[in-house]
Every structure is written in structure tokens, then in C-alpha cells.
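The values are calculated or read from the model by the stated rules, or taken from the named source; none is laboratory data. The shown structure was predicted, so the numbers you read here are calculated from the model rather than taken from an experiment. Cβ atoms come from the backbone with ideal geometry, glycine included; neighbour counts cover every protein chain shown. Areas reflect the complete protein model, heavy atoms only, side chains present, ligands, DNA and RNA absent. Shrake-Rupley method; radii C 1.70, N 1.55, O 1.52, S 1.80 Å.
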Amino acid sequence: MNTQHPLFLVSLVLPILLFQLQPTPTVGDPTLAPTPTPTPTTNGTEFIRTSCGTTLYPDLCYHSLSRYASAVQQSPGQLAKVAIGVSLSKARRMAAYVSTLARQAEYGADRRATAALHDCSTNFGDAVDEIRGSLKQMRQLGAAGLGVESFRFQMSNVQTWMSAALTDEDTCSDGFEDVADGSLKSDVCDRVTKVHKITSNALALVNSYVAKGTP
């Protein structure tokens, strides 16, 4: 029994010593942490952030488009298309809102406000048609065999229509210059300004896409 006791102790101590001799990772050591693999959504988000830097309202641009990162990936054409789609959605809502106000104003006494609302409703109806035409044209860019000249021609249509939409939105605001200050005027003009910024950003992204020169 006495001759076996030292061997028994060695068998217990040896694994402990070997374990202590192994290198121990340092907590928080970045060299030992696994490197995260970029996901398509992450790549798309950073691409949108960078692309929005070319617009007049980069924060609004990123805020309104970042949710579509998985669809955009790193495609300038897809980003322009999504931006136009968001612009169309905002313009449609504004057109419906102003149309409702115009109908209600017919029973009011402020003729200038009534006229401004009716004109604004017409302007936004035109803007919706123009943005819709731009989106339709963008969807046709995926046609096989689209050459550079055809690409530029179709994109010139998109640029023209988006510019026209911006003009119509501006005209709506201009129509309220002679309307007395009040909640109605400030509410409509503030809403128009927000839509105008979204449309402006969309046009900037379209221009950026055209500058790259590839379908």
C-alpha cells in the first residue's frame, strides 16, 4: 500500500500541471475573437449610407431607405428604383391628403385656401403620374441586351419625370403664398416639404446611377 501511494499522487497532480501549462486566452483580446462575416444586409446598409452622402438630405435618405438593404445589396440601379418607389408612396399619400382637404374646404369661407388646396391636389396628382412613369421605366431596364445608348435614353426619361415631379411639388407650396398664415397652411406646406425632400433624394440617386453609365 505504501509503495503505491506516491504513484497515485502523481497520477492526480500530472493532469493539473499540464492544464496549467496551456496558454490561457485573454478576455477581450480582439485577436482571439472570431471575425464576423459581413452579411448581405450589412453590405447593403453601408452601401446605402455611402450613396445617401451624395444627396441633399443624407440623414433622411438613409432613414427612409435603410430598411430595404437586403433588396438593394450594393446595386446603384436597385437603390434608385427603391428610392423612386418610396417617393411614389409618399406622393400618393400626400395627394390623397390634399384631395380630402380640398373637398372639405369647399364649404369654407377662405377662397384663397380653397383654391390653393385644389391646385395642390392637381399638382400632386401630376407628380404621382410622373413618379409612377419613372418607376415603370426603371423596371424596364432589366430587359436583356440593353445597350448603353438605350440605357441613357431611358434614364433621361426618368430624370425628366422626377424633375417634373419636384416642380409640381414646389408649385403646390408656392400656391399657398397668398394664403393667410395658420394651421392649415403650415400643416400642408410642412408635409409637402417632407415629400419634396424624399423626391429630391430619389432624383439624386438616379443621377448618381446615370453617372456610372452602366445598366
Seminar exercise, completed: Note: among 191, 152, 139, just one is touching a residue at least 12 places away in the same chain (Cβ under 8 Å), within 17 Å of residue 92 (Cα to Cα) and open to solvent by 70 Å² or more (accessible area, probe 1.4 Å), namely 191
For this session: Being under 18 Å from the mean Cα position of the chain (by Cα) and not hydrophobic (A, V, I, L, M, F, W, C) narrows it down to one of 90, 136, so name that one.
Result: 90
